[in-house]
Each structure stands twice: as structure tokens, then as C-alpha cells.
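I have placed the structure first, in the form of C-alpha cells, so that the comments after it can refer back to it.
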Amino acid sequence: MNTIRQNRIQSYIEEKQVASIKELRELCPEVSLMTIHRDLDALERAGLVIKVRGGVKAVRHAGDPVFDVRMQENGSGKAIIAGKALELIRPHSTVFLDASTTGLILAQQLPDINLNIFTTAPNIALELCRLTNPSVSLCGGMLNRKNLALSGQNTLEMLDKINIDIAFVGVSGCSVDAGFTCGTEADMLVKRLVIRKARTSVILCDHAKLSRLMPYTFASLGDVDYVISDKPLPESFCAAAAAAGTTIL
């Protein structure tokens with residue numbers, strides 16, 4: 001084992017907090033993919049990193065930033081995404097909005113039409129109180145004060161009993177290899193179930209998320225119907241989406 005290379009890999013992961021295998025191959029082009037995996041195995045055994053699907057995270061990785069911080073990021077881009085998402089919503093349908101900042105902006109733009117809306121975000125439910133026509137159901141559960149999301153067994157049991165026409169799901173990071181990722185296992189379980197239940201599943205993903213990788217994968221490109229972004233996405237990502245039958249808006 002090359003201690004100097006492992007130290008380089010560890011320092012990179014500590015700085016980035018989460019890194020993809022592709023990034024590590026670019027960091028160490030002089031060795032094979034198998035060697036990189038052996039280095040990661042050694043670092044994991046030493047308790048310095050944690051391997052996740054498609055990459056690795058630092059032990060001190062803190063997960064998603066708090067909601068208020070995320071609301072300040074790329075507000076104009078999220079508004080563009082929300083505007084595109086509105087075009088997919090039809091009156092009298094059942095809509096799910098997950099606890100994402102873009103989901104909140106979508107709720108702020110939503111017209112006063114007849115809808116059945118389910119959400120795991122108390123702040124989104126409160127925002128929807130300004131409307132008179134939609135029925136709004138808050139999926140109960142344990143509140144994560146950091147990201148303002150409800151999750152847990154009660155949340156999963158409620159979601160499992162409902163039929164969803166279209167679900168809008170936010171992401172914390174994504175890549176072709178790792179799929180769509182988030183910061184906590186609890187959120188991953190909710191997002192995965194919602195995508196499985198929905199007739200149409202829509203990922204809300206601003207372009208910056210393609211440079212991030214979070215610990216928990218909840219879906220791959222082939223699991224969703226649409227990916228909505230604020231700017232054109234890389235050709236490699238678009239090609240993979242087309243091959244998976246996923247539409248990018």
C-alpha cells in the first residue's frame with residue numbers, strides 16, 4: 001500500500017467531505033481503479049472514511065446544510081425549475097412535494113386550483129394555506145430541524161397508503177454513476193418510497209448539484225420520468241438520461 005497516495009486521497013476527501021470514484025481516479029491517474037478501491041478499503045478500516053455507493057465520504061461529513069442556508073443558494077435557478085415544474089401539474093391530480101427548498105418555491109408559485117397535495121414539509125404545508133382550492137395533507141413523522149423534513153415509520157406508513165399522480169423530489173447531489181443522492185438515511189427512505197409510488201416522478205435539480213455527491217442514493221436515472229434543471233446539463237448526463245428513458249427539462 002502506498003501511504004503517500006492514501007494520504008493524498010484522504011486529504012482530498014476531508015476537503016470535499018464527499019467524493020466520487022471518478023474524482024479519485026482523476027486525482028490518482030497513475031493507478032488502476034482496483035488500486036483506488038483497495039486504498040479506500042484501507043482508509044475505511046482505519047476509520048478515516050466511509051464508502052458509499054459511487055464514492056466515499058469523510059467521517060466528519062455533516063450531511064445537508066441547514067434549510068435557511070440552502071434557501072439562499074441559487075434562488076433564481078430554483079425559480080426557473082419551479083416554473084418548469086408547474087407545467088406538469090394538472091387540476092384534480094394528487095401531487096407530492098418533498099421537503100426541498102425548490103419544493104417550497106414551487107409551492108409559492110402554485111396557482112389556486114383543485115389538487116390533492118401531500119408533503120413531508122411543514123413549511124410547505126403552511127405556505128399552501130394561502131390557497132383555498134387544494135386539499136393539503138401533511139405526512140406526520142419525526143421532524144429534522146436541520147432540513148425541516150418529516151420522516152420515520154409513521155411517514156412511510158402514510159405514504160404507502162396513498163396513490164400519487166406526480167411527485168416532485170429534490171436532491172442534494174447527483175451523478176450518472178451514483179444516481180440521485182441525499183444526506184440522511186431517513187430522507188433516502190422517504191424519497192425512494194415516493195418515487196416507487198408515483199405514476200410520474202420528477203427530480204428537481206439545479207445544475208450545481210451535479211458537482212456534489214451525498215452519502216445516500218435514493219434513485220437512479222432509470223427510476224424517474226423527468227429531471228428539471230435551471231441550466232443545460234452536461235452532454236454525458238443527458239446521454240445517460242436518454243438511454244434510461246428519462247426526460248430532461
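The values are calculated or read from the model by the stated rules, or taken from the named source; none is laboratory data. From a predicted model like this one, the values you see are computed outputs, not experimental measurements. Positions of Cβ are backbone-derived with ideal geometry, glycine not excepted, and every protein chain shown enters the neighbour counts. Each accessible area value is taken on the protein alone, full model and side chains, heavy atoms only, with ligands, DNA and RNA left out. Shrake-Rupley method; radii C 1.70, N 1.55, O 1.52, S 1.80 Å.
Kindly indicate the residue of segment 1-30 that is within 16 Å of GLY54 (Cβ to Cβ) and acidic (Asp, Glu) and also nearest to the chain's Cα centre (by Cα) among those meeting that condition. Among those that are within 16 Å of GLY54 (Cβ to Cβ) and acidic (Asp, Glu), it is GLU23.
Cβ-Cβ contacts under 6 Å between residues 6 or more apart (or on different chains), taken from a first residue in segment 2-18 that is farther than 13 Å from ASP41 by Cα to a second residue that is not in a loop (DSSP other than H, G, I, E, B), are listed as TYR12/LEU27; ILE13/ALA19; ILE13/VAL49; ILE13/VAL56; ILE13/ALA58; GLU14/ALA58; GLN17/ALA58; VAL18/LYS57. For segment 22-38, the set of residues classified as in contact (Cβ under 8 Å) with a residue 24 or more places away in the chain and open to solvent by 30 Å² or more (accessible area, probe 1.4 Å) consists of LYS22, GLU23, VAL31, ARG38, listed by residue number. In segment 215-234, the residue that is modelled with the lowest pLDDT out of those that are of a type in the set (Asp, Glu) and part of a loop (DSSP other than H, G, I, E, B) is ASP230. Considering every residue within segment 101-121, establish whether at least one is under 23 Å from CYS182 (Cβ atoms) and of a type in the set (Asp, Glu). No, segment 101-121 contains no residue that is under 23 Å from CYS182 (Cβ atoms) and of a type in the set (Asp, Glu). Counted as qualifying within segment 95-214 are the strands (runs of 3 or more DSSP E) with 2 or more residues that are surrounded by 17 or more Cβ atoms within 10 Å (Cβ to Cβ) and of a type outside the set (S, T, N, Q), namely 116-119, 135-138, 149-151, 164-170, 173-175, 179-182, 198-204. Filter segment 52-77 down to the residues that are at pLDDT 75 or above and touching a strand residue (DSSP E or B) at 6+ places or on another chain (Cβ under 8 Å) and list them by number. Listed by number, the residues that qualify are VAL52, ARG53, GLY54, GLY55, VAL56, LYS57, ALA58.
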